[in-house]
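Remarks on the structure that follows.
The values are calculated or read from the model by the stated rules, or taken from the named source; none is laboratory data. Bear in mind the structure is a predicted one, so any value in this text is a computation, not a measurement. Cβ: placed from backbone, ideal geometry, glycine included. Neighbour counts: every protein chain shown. All accessible areas refer to the heavy atoms of the entire protein, side chains included, with ligands and DNA or RNA removed. Shrake-Rupley method; radii C 1.70, N 1.55, O 1.52, S 1.80 Å.
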Amino acid sequence: MKKVLLAIFGVALLVACQPKSYEVTGSLEGATSERVILKKIRKGQPVDIDTTEMVDGVFKFTGSVDAPELYFAMVDGKQQPAVFFVSNDKITLTGNVDKLSEVEVSGSELTDILTGFNEGVPGQDRSKELQQEYQMAYMSQDKDKQKLIEEEMQSIMEDQRAYFKNFVDQNIGNECGLFLAMNMAQSQELEELRELIAKFEPTMSEHPYFKEMKEFLGPLEEFEKSQAATAEGAVAPDFTLKSVDGQDVALNSFKGKYVLIDFWASWCQPCRQENPNVVKAYEAFNAKGFEVVSVSVDQDQAAWKKAIEEDGLTWTQLIADEASGVAKAYGIQSIPSTFLLDKDGKIVAKNLRGAALEEKLAELLN
């Protein structure tokens, strides 16, 4: 019984000795009394945490964190910050005020991991050389050289992506790996992101980085649903939007005809360049049962109406603001985007351009 009590006491003592606050001390050569701002990043935006004044190049920050996070120490008048992970420990920054990105950080194991990651990224020096070589090849109009450089750059980028992924996989148990995963999440496909989230969820689900990473799921899942809803063979999602004269017009009101839904905007040059092709197709096939429903994503209605008149668009013109959700329902990521529907409202083709639209209509209506 005595041994059990001693063991419990030992655990309690260990927990009690764990630091509950951080102390970040900096000593920078070449600095005098500049102001230092401590920041962190939240959803891609810098957030100020604390501010202090250096005295003879020395500064100190104290505080506490619920979980380790990446912080930045900015010095007035200097562009590059010192970057390091803050946990409830004593952390020391040593270096030159004019080379803040190169400061030596001690007392932060996560910063050591991040430094190892940065130093190991493959092809960093070669990438810089290739940028200069490409600029010279571009100026001399050496197309063959440009192509070779592009191919080598693509190979380096693939190596870097593989390195990034492997590094994250090896660091799923720490906040540095989670930070890198959060940054990697923005370029992931839906299933890849789901797998990434599953790796960190057992141990990191309460960390702000994990919660931010998980927020990327929503838009990707919505896009996946929109892709399925607008695949060829699917019935096009119905909508009701305002016309030029302010009347409500429903897509379903066009059933019984072949319909081209054309997402565009007055400010979109590719859209405006494609409009003559749509005009030509409309004039050739309207009498045979073909209609066009243009859906503008313009915010400036005056510019929208002016473009309609300039381009001679005589068919149904509707406008969709963000609140309508129509562009999101159709998974629109760029314009122009078009969907050709049959008489039952099913999508038979997508993004037909130029002569391809007339050829498809001839196949369906002639």
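The set of residues in the stretch 308-366 being open to solvent by less than 30 Å² (accessible area, probe 1.4 Å), among the polar types (S, T, N, Q) and under 23 Å from the mean Cα position of the chain (by Cα) consists of SER337 alone. Looking only at the stretch 32-52, residues that are in a strand (DSSP E or B), of a type in the set (S, T, N, Q), in contact with a strand residue (DSSP E or B) (Cβ under 9 Å, 6 or more places away or on another chain) and open to solvent by 50 Å² or more (accessible area, probe 1.4 Å) come to 1 in all.
Quick check on my filter: what residues within the stretch 207-244 are more than 27 Å from the chain's Cα centre (by Cα) and either within 26 Å of ASP298 (Cα to Cα) or among the aliphatic types (A, V, I, L, M) (or both)?
We begin by selecting, within the stretch 207-244, every residue more than 27 Å from the chain's Cα centre (by Cα); these are 232-236, 238-244.
Hits for the stretch 207-244 are ALA234, VAL235, ALA236, ASP238, PHE239, THR240, LEU241, LYS242, SER243, VAL244.
Tallying residues that are within 31 Å of the chain's Cα centre (by Cα) and loosely packed, with under 11 Cβ neighbours inside 10 Å within the stretch 132-146 yields 1.
When the residues of the stretch 265-281 are filtered to those that are surrounded by fewer than 15 Cβ atoms within 10 Å (Cβ to Cβ) and more than 30 Å from the chain's Cα centre (by Cα), the one that is farthest from LYS343 (Cα to Cα) is PRO276.
The single condition among (1) closer than 23 Å to VAL244 by Cα; (2) open to solvent by 30 Å² or more (accessible area, probe 1.4 Å); (3) part of a helix (DSSP H, G or I) that ALA284 does not satisfy is (1). Residues of the stretch 310-325 that are within 12 Å of PHE239 (Cβ to Cβ) and of a type in the set (Val, Ile, Thr): ILE319 alone.
Within the bounds of the stretch 53-66, is there any residue that is within 30 Å of LYS165 (Cβ to Cβ) and either open to solvent by less than 70 Å² (accessible area, probe 1.4 Å) or part of a strand (DSSP E or B) (or both)?
We begin by selecting, within the stretch 53-66, every residue within 30 Å of LYS165 (Cβ to Cβ); these are 65-66.
Among the residues that remain, those that are also either open to solvent by less than 70 Å² (accessible area, probe 1.4 Å) or part of a strand (DSSP E or B) (or both) are: 65.
So far as the stretch 53-66 goes, yes, one or more of its residues are within 30 Å of LYS165 (Cβ to Cβ) and either open to solvent by less than 70 Å² (accessible area, probe 1.4 Å) or part of a strand (DSSP E or B) (or both).
Residue-level check: of (1) open to solvent by 30 Å² or more (accessible area, probe 1.4 Å); (2) without any contact (Cβ under 8 Å) to a residue 60 or more places away in the chain; (3) hydroxyl-bearing (Ser, Thr, Tyr); (4) not in a helix (DSSP H, G or I), THR92 misses just (2). Within the stretch 95-106, does at least one residue satisfy the condition of being in a strand (DSSP E or B), β-branched (Val, Ile, Thr), without any contact (Cβ under 8 Å) to a residue 24 or more places away in the chain and open to solvent by less than 50 Å² (accessible area, probe 1.4 Å)? Yes. What do you reckon, is ILE172 out of contact with any Cys (no Cβ under 7 Å at 6 or more places or on another chain) and open to solvent by less than 70 Å² (accessible area, probe 1.4 Å)? Yes; evaluated as a whole, the condition is true for this residue. Checking each residue in the stretch 245-264 for being under 34 Å from the mean Cα position of the chain (by Cα) and either modelled with pLDDT under 95 or buried (at least 20 other Cβ atoms within 10 Å of the Cβ) (or both) picks out LEU251, VAL259, LEU260, ILE261, ASP262, PHE263, TRP264.
Give the residue, chosen from PRO202, PRO219, that is closer than 22 Å to VAL295 by Cβ and either open to solvent by less than 60 Å² (accessible area, probe 1.4 Å) or not in a loop (DSSP other than H, G, I, E, B) (or both). Break it down stepwise before answering.
Values: PRO202 fails: closer than 22 Å to VAL295 by Cβ.
None of the others qualify; the one that does is PRO219.
LYS242 meets all of the listed conditions (1) part of a strand (DSSP E or B); (2) open to solvent by less than 50 Å² (accessible area, probe 1.4 Å) but one, namely (2).
Of the candidates ALA287, ALA320, ALA329, the single residue that is free of Cβ contacts under 8 Å to residues at least 24 places away in the same chain and aliphatic (A, V, I, L, M) is ALA287. For the stretch 287-307, filtering for residues that are open to solvent by less than 30 Å² (accessible area, probe 1.4 Å), within 29 Å of the chain's Cα centre (by Cα) and not hydrophobic (A, V, I, L, M, F, W, C) leaves 3. For the residues GLN146, GLN154, GLN160, the requirement of being without any contact (Cβ under 8 Å) to a residue 40 or more places away in the chain, outside any loop (DSSP other than H, G, I, E, B), in contact with a Gly (Cβ under 7 Å, 6 or more places away or on another chain) and closer than 17 Å to GLN131 by Cα singles out GLN160.
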